[in-house]
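The values are calculated or read from the model by the stated rules, or taken from the named source; none is laboratory data. Since the structure is predicted, the reported quantities are computational estimates derived from the model, not experimental observations. Glycine also receives a Cβ, built like all others from the backbone with ideal geometry; neighbour counts cover every protein chain displayed.
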Amino acid sequence: MKDKTKVLFLCTGNSCRSQMAEGLCTSLMGENFESYSAGVVKHGLNPFAVKVMLEIGIDISGHFSKTVDDLDGIGFDYVVTVCDNAHETCPYFPARTGIIHRGFDDPPRLARDAETEEEALEHYRRVRDEIREFIRELPAALIN
């Protein structure tokens, strides 16, 4: 049996985008990928991210915020930075680790001025759906 490709989704605080990417990758591509997420710092799991993931049948409520140091010893095949800050401050990984950057908007920042929870959730849903499309294209992105 072939080993699964280990992919780390890296974001600033490991609260939203990277958590959604990990959940989506596990759900959609789990037979081929072993997915992880981490942040440059820990911000805690965002409850709106949990909520919009549950809307599509993926439960990330058991996830927790972590940094790359918390995942020490895992030999990642690829690191996907999902925000510009993580891309700019990406820690060093061994040369065999492929680094891919695909930035997504920050839902908490977009939702900051929302007048209702529903209005805020729309930002999270849009970014979730953009991440889902990226995850579906991930095998091709890793080959190129």
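The conditions of being within 19 Å of D84 (Cα to Cα), surrounded by fewer than 18 Cβ atoms within 10 Å (Cβ to Cβ) and of a type outside the set (A, V, I, L, M, F, W, C) are met by K42.
Of the residues making up the range 8-25, those that are closer than 15 Å to R132 by Cα and either surrounded by fewer than 17 Cβ atoms within 10 Å (Cβ to Cβ) or of a type in the set (A, V, I, L, M, F, W, C) (or both) are F9, C16, M20, A21, L24, C25.
Considered as a group, the residues in the range 13-36 that are within 16 Å of L142 (Cα to Cα) and of a type in the set (A, V, I, L, M) include one that is nearest to the chain's Cα centre (by Cα), and that residue is A21. Of everything listed in (1) at pLDDT below 95; (2) within 8 Å of the chain's Cα centre (by Cα); (3) more than 17 Å from I99 (Cβ to Cβ), the single unmet condition for M1 is (2).
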